[in-house]
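Down below is the structure, laid out as structure tokens.
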2 protein chains.
Amino acid sequence: MTWEPELEAAFNPKSVAIVGVSSQVKRGGPRGPGGASFILSLEQLGYQGHIYPVNPRAIEILGYKTYPSVASIPEQIDLVIVSVPARDAPQVLEDCITAGAKNIHMFTAGFEETGETEATALGQQVRGIIQRGGLRVIGPNCMGLYVPSSGIGTFDRLPKKSGPVCFISQSGGHLNWYSHYGPNYGIWFSKGISFGNAYVLDSTDFLDYISNDTDTRIICMYLEGIKDGRKLIRQVREINHYKPVILWKAGLTEHGARAVASHTASLAGQEAIWRGFFKQTGAVQVYSLEGMAEMTMTFLYVKPTQGKRVAVLGLGGGTSVAAADVCSREGLEVPALTETTQNELRKFIATAGASIRNPLDTGMVFRDTAALTLEMELVAADPLIDMLIIMPHLDMARNTSNEQAEQLVNYLSDFAKNNRFGKPMVIVFHSFGNDPWETELRNRLKVELPQQGVPVYGSLISASRALSRFSEYHRIQKEMAG
Amino acid sequence: MTWEPELEAAFNPKSVAIVGVSSQVKRGGPRGPGGASFILSLEQLGYQGHIYPVNPRAIEILGYKTYPSVASIPEQIDLVIVSVPARDAPQVLEDCITAGAKNIHMFTAGFEETGETEATALGQQVRGIIQRGGLRVIGPNCMGLYVPSSGIGTFDRLPKKSGPVCFISQSGGHLNWYSHYGPNYGIWFSKGISFGNAYVLDSTDFLDYISNDTDTRIICMYLEGIKDGRKLIRQVREINHYKPVILWKAGLTEHGARAVASHTASLAGQEAIWRGFFKQTGAVQVYSLEGMAEMTMTFLYVKPTQGKRVAVLGLGGGTSVAAADVCSREGLEVPALTETTQNELRKFIATAGASIRNPLDTGMVFRDTAALTLEMELVAADPLIDMLIIMPHLDMARNTSNEQAEQLVNYLSDFAKNNRFGKPMVIVFHSFGNDPWETELRNRLKVELPQQGVPVYGSLISASRALSRFSEYHRIQKEMAG
């Protein structure tokens with residue numbers, strides 16, 4: 001289908017009916033999947049509209065008046081969440097048609113994706129009812145919508161805060177993960193959409209909507225299958241100019257494609273076709289949720305650059321060699337600094353047991369912020385360098401004191417924020433200890449610094465991959481614009 | 001040089017002289033690099049031999065009688081650690097010749113690797129003295145030896161416990177990392193060797209020694225350059241049959257090769273040549289320290305298998321798809337379970353919203369150890385499956401209680417230890433929370449479980465990579481034997 005404005009009510013509903021809520025559920029008891037847990041999620045998110053449980057064998061659930069059917073509710077329902085066993089789905093959908101409720105999130109699973117004959121036939125029957133009723137169905141076999149500004153969500157303990165990122169995901173589990181752990185990367189969401197088997201609404205429909213959504217600046221997508229490939233290419237090529245599209249296409253391997261069939265009954269498509277897709281659209285390809293989160297963090301917090309020449313400031317000759325190899329493999333360049341910069345560095349850094357070329361193996365500066373400032377300023381001013389990766393050594397700073405390690409990191413954060421060279425600067429902690437103090441500090445900084453505008457990556461590999469694709473995005477956009 | 005038995009005294013010395021120890025050092029004060037810190041390391045490791053600081057301007061340092069030169073010490077010295085500035089190295093080496101001390105660890109750096117003319121000339125002069133005196137030099141520009149059974153080591157807080165792994169490393173920083181964090185992977189060391197610029201002793205010389213070392217079962221190597229490539233191929237091909245050789249060759253990219261020159265002044269060689277090396281020798285290639293540690297953990301704790309068909313037991317359809325893609329890319333197969341197994345699983349697992357094919361998306365079993373046992377037994381008994389990757393969901397178990405999450409993990413550990421199917425079983429935690437309780441549990445289990453014989457990997461990518469290379473190693477060994 002094409003996008004219908006009426007579906008927008010699903011993202012900001014005045015009323016939500018949940019069909020299939022156990023009458024046995026108690027507040028504070030165990031939270032099973034579906035049904036009552038959806039009511040609890042709406043409450044957690046501060047949903048302000050009306051909540052109507054539907055259960056023909058109850059009159060009140062969790063304090064809400066309960067109705068035997070959607071049609072018996074005395075209000076027009078903007079969003080129906082269907083959470084009944086698959087065999088009951090046809091009857092519930094007929095009820096929705098009767099009630100004139102058209103926006104349906106089908107949590108219910110157990111159709112083609114099981115690979116079972118009977119379940120597949122049931123899916124066909126459901127499709128028929130949906131088509132006849134003109135229902136705007138999200139799903140089935142999905143977690144539906146997460147809209148923090150509307151108080152809409154289906155998972156436990158979702159963040160209430162909104163942000164500029166939309167996630168269109170064929171997997172509910174991935175939406176859960178990203179919604180919960182996004183904030184650790186400084187990422188909050190405008191909308192999250194889990195759409196499962198895509199009987200009616202597919203990724204292209206949601207893209208139609210999100211392309212015009214002023215709350216969304218960056219679009220993340222997780223796709224298993226796609227119905228209208230030509231439309232997706234056309235859309236993404238266009239949208240990617242003004243809202244970067246970060247896309248994880250799963251099921252590109254033989255075994256992955258079989259797993260896709262078991263999950264959302266989609267046809268996964270071939271790797272070569274999708275290579276063409278990324279080439280034609282300029283969309284940013286990722287291969288995991290962590291990769292998606294780190295790439296999104298990059299687009300949110302790193303100053304745009306088309307350059308790919310990086311300076312790495314760290315400690316250890318072996319680490320420097322590894323850093324150069326890793327950056328190279330990810331498509332970055334690690335040029336030697338200019339003679340001028342090297343001569344300036346030589347004035348205050350002894351070269352025995354160190355290197356001032358690039359990567360810089362000058363760990364001692366992590367104990368002396370004056371020297372560190374001078375080093376960073378000289379490197380950032382080098383005309384051969386487009387961006388800086390700093391690898392602070394908490395172990396070493398800590399040999400002096402815990403306070404010094406914390407001061408070092410605060411200092412780097414301030415420097416990055418006030419970086420007058422306008423070149424991207426990011427952090428990768430070169431520390432691995434299981435020491436509780438250090439683990440706590442590192443975990444805390446990984447969460448806090450991105451929110452202060454200084455991206456922190458889990459590894460040099462992921463940092464250089466993200467920076468490489470980030471600068472490539474800006475080169476492609478420039479080429480296309482020119 | 002070829003291996004000389006006299007060098008064995010360096011690994012188990014009765015006496016150690018450290019040349020270049022500041023007289024200003026105090027116990028409990030800051031630990032600078034080199035000199036006095038080496039004495040403190042020997043003490044920490046419980047070294048039982050004699051320690052002689054050498055400093056012409058002191059009579060006692062840290063309670064040890066101090067001598068003006070090596071020659072003035074009234075005992076034959078089995079190991080001299082040279083920790084003076086580069087310009088003083090010639091004189092110290094002449095002193096060693098006079099003293100008849102032949103085993104020398106040169107910590108001193110500042111030669112060819114700086115790229116500076118004067119320093120390079122000094123390196124040439126030093127080489128001349130070494131050759132004339134027939135000195136068995138480890139280094140220069142390196143951290144030398146770590147032998148816990150002898151109480152020998154140069155880093156702070158090294159583990160005292162010995163183990164079956166030897167690490168031959170051209171980088172001291174890498175030796176430091178691996179020695180300290182190896183135990184987190186259940187890895188302890190027989191010997192660690194950092195050999196830097198390799199003026200005399202190169203990796204092939206250390207291999208000669210370690211190939212006959214009964215304390216060593218697995219050999220890890222980090223190489224930047226190599227002097228005698230033919231010898232290395234011959235050695236590794238032979239040794240790899242009875243002691244797996246896990247090798248990280250750095251500097252294979254253009255930028256990495258330049259970094260190698262700055263680090264140990266080695267010629268890094270070309271990627272194609274090294275591809276040939278790995279093909280001819282069957283050595284196991286890794287690309288990072290974490291990769292080396294996880295591969296070593298695999299060889300230490302996973303039951304040998306030549307198969308590559310894996311079952312993945314986890315939670316979430318999207319996660320299953322990702323798992324299949326990841327395993328496929330790393331060279332494993334993820335076959336559908338046999339119809340028989342699927343039918344047995346169907347008896348107690350509802351297929352709506354789940355998958356029992358493979359990867360298994362049956363997260364609910366993580367709340368019910370009886371169901372989990374049955375599932376694992378059925379999967380492990382499937383003739384199409386060679387190994388199992390279990391992805392326990394601590395979040396979910398914890399929804400019931402913290403105790404249940406801990407019990408789940410203890411249960412898995414017991415199951416793996418008593419696994420009567422004899423198929424490898426490893427764990428990857430599918431949990432990402434920053435929640436302190438969960439972080440602590442996960443960190444603790446990552447350290448404890450490998451020591452109990454159940455490898456835990458940081459990610460599914462690293463687990464499948466390690467298992468894939470592990471089974472390949474055993475296939476290659478079988479082919480070569482056949």
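Does at least one position in region B:173-192 carry a residue that is more than 28 Å from B:R444 (Cα to Cα) and not assigned by TED's automatic domain parsing to the domain that holds B:E112? Within region B:173-192, not a single residue is more than 28 Å from B:R444 (Cα to Cα) and not assigned by TED's automatic domain parsing to the domain that holds B:E112. Restricting A:L374, A:L345, A:L394, A:L378 to those that are within 14 Å of another protein chain (Cβ to nearest Cβ) and at pLDDT 90 or above reduces the list to A:L345.
Just wondering, is there one or more residues in region B:340-352 that are closer than 18 Å to B:V426 by Cα, in contact with a Lys or Arg (Cβ under 8 Å, 6 or more places away or on another chain) and not hydroxyl-bearing (S, T, Y)? No - not one qualifying residue is present in region B:340-352. Among the residues of region A:224-262, those that are facing another protein chain (nearest Cβ under 10 Å), within 20 Å of the chain's Cα centre (by Cα) and open to solvent by 10 Å² or more (accessible area, probe 1.4 Å) comprise A:W248, A:L252. Of all residues in region A:425-459, those satisfying the criterion of being of a type outside the set (K, R), within 12 Å of another protein chain (Cβ to nearest Cβ) and open to solvent by 20 Å² or more (accessible area, probe 1.4 Å) are A:H430, A:F432, A:N434, A:D435, A:P436, A:E440, A:N443, A:V447, A:E448, A:G458, A:S459. Of the residues that make up region B:11-28, is at least one within 30 Å of B:A259 (Cβ to Cβ) and in a loop (DSSP other than H, G, I, E, B)? Yes, some residue in region B:11-28 is within 30 Å of B:A259 (Cβ to Cβ) and in a loop (DSSP other than H, G, I, E, B).
Take the residues of region A:223-272 that are in a strand (DSSP E or B) and of a type in the set (V, I, T): which is nearest to B:I356 (Cα to Cα)? Checked region A:223-272; the qualifying residue nearest to B:I356 (Cα to Cα) is A:I246. Scanning region B:197-223 for residues that are out of contact with any strand residue (DSSP E or B) (no Cβ under 8 Å at 6 or more places or on another chain) and within 13 Å of chain A (Cβ to nearest Cβ) yields one hit, B:N197.
Considering region B:71-119 alone, what residues qualify as being within 12 Å of chain A (Cβ to nearest Cβ) and more than 24 Å from B:F155 (Cβ to Cβ)? Within region B:71-119, B:R87, B:E112, B:G115, B:E116, B:E118, B:A119 meet the criteria.
Report yes if some residue within region A:207-222 is touching a residue at least 60 places away in the same chain (Cβ under 8 Å) and assigned to a helix (DSSP H, G or I); otherwise report no. Yes, because at least one residue in region A:207-222 is touching a residue at least 60 places away in the same chain (Cβ under 8 Å) and assigned to a helix (DSSP H, G or I). Anything in region B:319-333 that is within 7 Å of chain A (Cβ to nearest Cβ) and either closer than 27 Å to A:P33 by Cβ or assigned to a helix (DSSP H, G or I) (or both)? List them, or say none. Result: B:T319, B:S320, B:V321, B:A322, B:A324, B:D325, B:C327, B:S328, B:R329. Go through the residues of region B:86-96 one by one and say whether even a single one is of a type in the set (V, I, T) and open to solvent by less than 10 Å² (accessible area, probe 1.4 Å). Among the residues of region B:86-96, not one is of a type in the set (V, I, T) and open to solvent by less than 10 Å² (accessible area, probe 1.4 Å), which makes the answer no. Flag set for A:V70, criterion: closer than 23 Å to A:T98 by Cα and part of a loop (DSSP other than H, G, I, E, B). Residues in region A:1-32 that are open to solvent by 10 Å² or more (accessible area, probe 1.4 Å), in contact (Cβ under 8 Å) with a residue 60 or more places away in the chain and under 27 Å from the mean Cα position of the chain (by Cα): A:M1, A:T2, A:W3, A:E4, A:E6, A:E8, A:A9, A:N12, A:R31.
B:K65 meets the conditions (1) surrounded by fewer than 21 Cβ atoms within 10 Å (Cβ to Cβ); (2) touching a residue at least 60 places away in the same chain (Cβ under 8 Å) in every case but one. The failed one is (2). Among the residues of region A:278-316, just one is assigned to a helix (DSSP H, G or I), open to solvent by 40 Å² or more (accessible area, probe 1.4 Å) and among the aromatic types (F, W, Y), namely A:Y301. Quick check, is A:R275 within 14 Å of chain B (Cβ to nearest Cβ), basic (K, R) and outside any loop (DSSP other than H, G, I, E, B)? Spelling it out, it is not the case that A:R275 is within 14 Å of chain B (Cβ to nearest Cβ), basic (K, R) and outside any loop (DSSP other than H, G, I, E, B). Does at least one position in region A:334-354 carry a residue that is within 39 Å of the chain's Cα centre (by Cα), in contact (Cβ under 8 Å) with a residue 12 or more places away in the chain and in a strand (DSSP E or B)? Looking through region A:334-354, none of the residues is within 39 Å of the chain's Cα centre (by Cα), in contact (Cβ under 8 Å) with a residue 12 or more places away in the chain and in a strand (DSSP E or B).
Within region B:142-152, at least one residue is out of contact with any Asp or Glu (no Cβ under 8 Å at 6 or more places or on another chain), among the hydroxyl-bearing types (S, T, Y) and outside the structural domain of B:R217 (by TED's automatic domain parsing). Taking (1) more than 9 Å from chain B (Cβ to nearest Cβ); (2) on the phi > 0 side of the Ramachandran plot in turn, A:G316 satisfies each apart from (1).
How many of the residues in region A:131-162 are hydroxyl-bearing (S, T, Y) and surrounded by 18 or more Cβ atoms within 10 Å (Cβ to Cβ)?
3
Okay, residues lined up against (1) closer than 21 Å to A:D95 by Cα; (2) touching a residue at least 40 places away in the same chain (Cβ under 8 Å):
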site: A:G128; (1), (2): yes, no
site: A:I138; (1), (2): yes, yes
site: A:Y146; (1), (2): no, yes
site: A:P159; (1), (2): no, no
site: A:S169; (1), (2): no, yes
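Do we have any residue at all in region B:267-275 that's open to solvent by 40 Å² or more (accessible area, probe 1.4 Å), under 13 Å from the mean Cα position of the chain (by Cα) and over 26 Å from B:V200 (Cα atoms)? Taking every residue of region B:267-275 in turn, none turns out to be open to solvent by 40 Å² or more (accessible area, probe 1.4 Å), under 13 Å from the mean Cα position of the chain (by Cα) and over 26 Å from B:V200 (Cα atoms). Residues that are open to solvent by less than 30 Å² (accessible area, probe 1.4 Å) and acidic (D, E) within region A:197-223 comprise A:D202, A:D205, A:D213, listed in sequence order.
The single condition among (1) open to solvent by 60 Å² or more (accessible area, probe 1.4 Å); (2) modelled with pLDDT under 90; (3) in a helix (DSSP H, G or I) that A:F366 does not satisfy is (1). Of the helices (runs of 4 or more DSSP H) that lie entirely inside region B:84-198, those containing 1 or more residues that are among the aromatic types (F, W, Y) span B:172-181.
The condition (being under 29 Å from A:D435 (Cα atoms) and either crowded, with 20+ Cβ neighbours inside 10 Å or not acidic (D, E) (or both)) is satisfied by just one residue among A:L374, A:L384, A:L394: A:L394.
The values are calculated or read from the model by the stated rules, or taken from the named source; none is laboratory data. Remember, it's a predicted structure, so these values are computed and weren't measured experimentally. FYI the Cβ positions are ideal-geometry reconstructions off the backbone, even for glycines, and counts take in every protein chain you see. Accessible surface areas use protein heavy atoms only, side chains included; no ligands, DNA or RNA. Shrake-Rupley method; radii C 1.70, N 1.55, O 1.52, S 1.80 Å.
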